[in-house]
Each structure stands twice: as C-alpha cells, then as structure tokens.
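The next block holds one structure in the form of structure tokens; read it before the comments.
The values are calculated or read from the model by the stated rules, or taken from the named source; none is laboratory data. This one's a predicted model, so the numbers in the text were calculated from it and none came from an experiment. Cβ atoms come from the backbone with ideal geometry, glycine included; neighbour counts cover every protein chain shown. SASA here: full protein model, heavy atoms, side chains in, ligands and nucleic acids out. Shrake-Rupley method; radii C 1.70, N 1.55, O 1.52, S 1.80 Å.
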Amino acid sequence: MSEKTFDIQAYMTHGVERVVKEAVKATLKNPKESVFMAKFAAASLAASKKRRRAEDAGEHIPPFLIASITSQCNLHCAGCYSRCNHATVDAAPVKQLTSEEWLRIFDEADELGVSFILLAGGEPMLRRDIIEAAGKKPNILFPIFTNGTFMDEKYFDLFDKCRNLLPIMSIEGEKEITDARRGSGIYDKLIANMDELHQRGLIFGASVTVTTENLKEVSSRPFLQSLSDRGCKAVIYVEFVPVTEESKELAPGDEEREYLHNEIMRLRQKHPEMVYIAFPGDEKSSGGCVAAGRGFFHINSHGGAEPCPFSPYSDINVRDTSLRDALKSPLFLALQDEGVLLEDHPGGCVLHEKRAEVERLLQARR
C-alpha cells in the first residue's frame, strides 16, 4: 500500500474517533467522566478538522505525541528498552526540559490539533510540575504511563480536578509475573491504587507489555475481568521489543500478533466496557509504521525529537525550534520519503529492526 493510495490522516482520524467513541461508551455510568468525555469528543472533532485543513494544504499533523518528561526511574524492570538505550537512569534529571518549556509544547500541540499526548519517562509521576501543567490543557487527553509507585493523595486530588489526566498503570498479568518483572510488592501497590481510584470515581487504564510468556494470561477473561471490576476503562497492549540478543525469545512473532489481534477484535465486540488498544498493532492496516510523524513522534526529556521511543535518534530539538518545525525534521522526512516505515520486518518495531539504516540516514543529514 503506497502513500499515494493510503490516506494516513483519514486512517489516524478514524482511529482517534473510534477510541473517543469507545471511551464515551465506557464512561456512561460515571457522570463526571461522561461529561468530560463528551466535551473532549467535541474538542477532538475540532482538532481533527484542524489536521484535515493542514493536510489539504500539504502539511501532515499527527494526532498523537509521546513525551518522555523525565529520564529518572525508581524501578529496574527486566528487559527495559529505555534503560538499555540509556534513556532512563537512576540519577536526578540534568538539563531536562522545564515545566514552562513543556507547557509551551502542549500549547503548540493544542494549536496544531494534536489530541493525545502520552506522558512517559523514566517514571513521569516524578515530575508533578509537568503533570500539573498538562492538566491546564483540557482539549488534550494525557495518558500517564506510570509504574504506580508515586501515586498519592495530591495526585488523586489532581486527577479528580483535571479529568484530562488519565493514569495508565503498567502491569504484566497476575501477581507472580508482575513482581517477577517489576519487583516484589509492585502488584499489590498497583491493586491498591486501582481500588482507591475506583472508590473515588476516577477512571484509569492499564498498560501491558506483551511477551511470549504472558500473552495468553493478559488477554484472558479472568485477568481482564479483574481489571474491569476495579474500574479500569482502557487496556493498552504494547508488544515487547527486544533490545538484546538474550531477550529476543520474548518478542511476539506473527502467530502471537495474530492471536492478540483476533482477541482484541473479539473483546471490542463482546466487552465494550473497556477500550482495547494495541501498539504497534497490525502495521499492515495502517500502511506501515506510524512513527516519525506519520501518526506520532517522540520528544525525549532533553527536547530531542525522535521517531519513537524505540528509535532514539534525533537531529532537531524543540528547545531550539517549534513543534511544527520539529515535524519537518530531516530525519523524519527521510524515513518517510525512503520508505523505511513501510518495509517488511520480522519484529514488532520496524525502526528497531532497521536501526542501522536509521543511523545511516541520520549521519547523511548532519
């Protein structure tokens, strides 16, 4: 499928509309959330019209942005791609973007028509100042991908006040497999957070790193029912991307991805009380990888604009330029123009599989 015949803006807009529609449906029994989601649905529609006008004028604006707002994390999860890429460290942040700089980025994103900004890290909840700044942008939904260990009374109050902040807690399945990857006691902390959020009438989601070891468990009805019973409204499946030779056996192959795809299709039909999203999902249906500005791009904690978190290469920094100009990164344009994003590959992430080619393109434009 070529870019000439595949309308990426239409595809991404349809995806946003589906997610918003499912979110509205999933929150119908929660008055505060349903009111917010109805307002956000209107804002999302206005944003999609902005992106379509830009597309018609020859400028492509993706609806999603991933923002890694800190490089610091308190956990050492097994197989963490971010630590292997040295994007996550134990030390306190040095020369990272300030909350004022991030708010400027959020303002620009709002103006461009970006509907979702995924806050990641490191552990994003270490940067309360930035999350508070995000709460001031109600036209944008901010899923916060967190390990859940820093959730406290102040955060619960902030989530109640700012309904556009949506905690997405990382869980690997049941207690044994979650604690094995994330550390002893983490599962119990996550369950306590879920119960507290549910008691307060606050919605949240779960992020699951899918491996060959936990695939059947995390897509099983008992596991998903336990999340739903606790008030979870979204499950985001992220395929494990191996960053070492030793971890390759954990990466889902074609058979596992097909199984997960079919399960998600079934779940969306049979159990609409939750939203189900897979990343990267079936790239064939989206005309290839949607990173590098096609559907989203990544800003690291120091402001570097990167194709995605799994491809930590940058030739432009948002400290020095606008978000709009960052989308015109020579590296992004080269990845799009030379067809790297559309290439066949065996893993879940084409840019990780083709990293030598990404490095070559980066060097050629310096």
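The residues His261, His60, sorted by heavy-atom accessible surface at 1.4 Å with ligands and nucleic acids left out, run His261, His60 from largest to smallest. For the stretch 170-229, taking Cα atoms only, Rg and Dmax work out to 11.5, 35 Å respectively.
Taking each residue as 0.36 nm, the span from Arg360 to Gln225 lengthens on full extension beyond its C-alpha to C-alpha distance by 44.0 nm. Seen from Leu103, the other residues with C-beta closer than 11 Å to its C-beta sum to a net charge of -4, counting Lys and Arg as +1 and Asp and Glu as -1.
Note on His86 and Thr244: the extension gain reaches 55.6 nm, defined as 0.36 nm multiplied by sequence separation minus the Cα-Cα distance. Taking every Cα-Cα distance in the stretch 1-82 and sorting them into 5 Å bins starting at zero, the pair-distance distribution P(r) comes out as 3, 12, 16, 15, 13, 12, 16, 11, 3, 0 percent. Our estimate of slack between Glu17 and Asp160, defined as 0.36 nm per intervening residue step minus the Cα-Cα distance, is 49.0 nm. Decide, for the chain, between rounded, prolate and oblate: order the square roots of the alpha carbon gyration tensor eigenvalues as a ≥ b ≥ c, take rounded if a/c falls under 1.5, and otherwise choose prolate if a/b is larger than b/c, else oblate. The shape class here is rounded.
Highest GNM mean-square fluctuation among Thr146, Thr212, Thr244, for the chain modelled with Cα contacts below 10 Å: Thr244. Taking all Cα pairs closer than 8 Å and separated by 6 or more residues, the relative contact order of the stretch 158-311 comes to 18 percent. Inter-label distance, Ala42 to Arg200: 2.7 nm, where each label sits 7 Å from its Cα along the C-beta direction.
When the solvent-accessible area of the stretch 88-234 is split by element, carbon and sulfur atoms take up 51 percent of it, the probe being 1.4 Å. Taking the chain as a Gaussian network of alpha-carbon nodes connected by springs under 10 Å, the highest mean-square fluctuation of the residues Ser68, Ser48, Ser226 belongs to Ser226. In percent, rounded to a whole number, the relative contact order of the chain is 17, using alpha-carbon pairs under 8 Å and six or more apart.
For the chain, what are the DSSP H helices with axial Cα length of 15 Å or more and mean Kyte-Doolittle hydropathy of at least -1.0? Length and hydropathy pass: 8-26, 31-56, 99-112, 186-199. Rolling a 1.4 angstrom probe over the protein heavy atoms with all chains in place gives the stretch 220-299 an accessible area of 43 Å² per residue. Taking 17 Å as the cut-off, no amide N atom of the stretch 157-174 comes nearer than this to a point 7 Å along the Cα-to-beta-carbon line of Glu255.
Sorted from greatest to least, the principal axis extents spanned by the alpha carbons of the stretch 234-308 come out as 42, 30, 24 Å. Shape class of the stretch 136-175 from the alpha-carbon gyration tensor: oblate, with a/c at 1.5 or above and b/c at least as large as a/b. Simple spin-label estimate for Gln269 and Lys29 gives 2.3 nm between the two label positions (7 Å along the Cα-to-Cβ direction from each Cα).
By accessible area, using a 1.4 Å probe on protein heavy atoms only, the stretch 13-81 has 62% of its surface on carbon and sulfur. All distinct Cα pairs of the stretch 135-253 go into the 1/r average, and the inverse of that average, the Kirkwood radius, is 15.1 Å.
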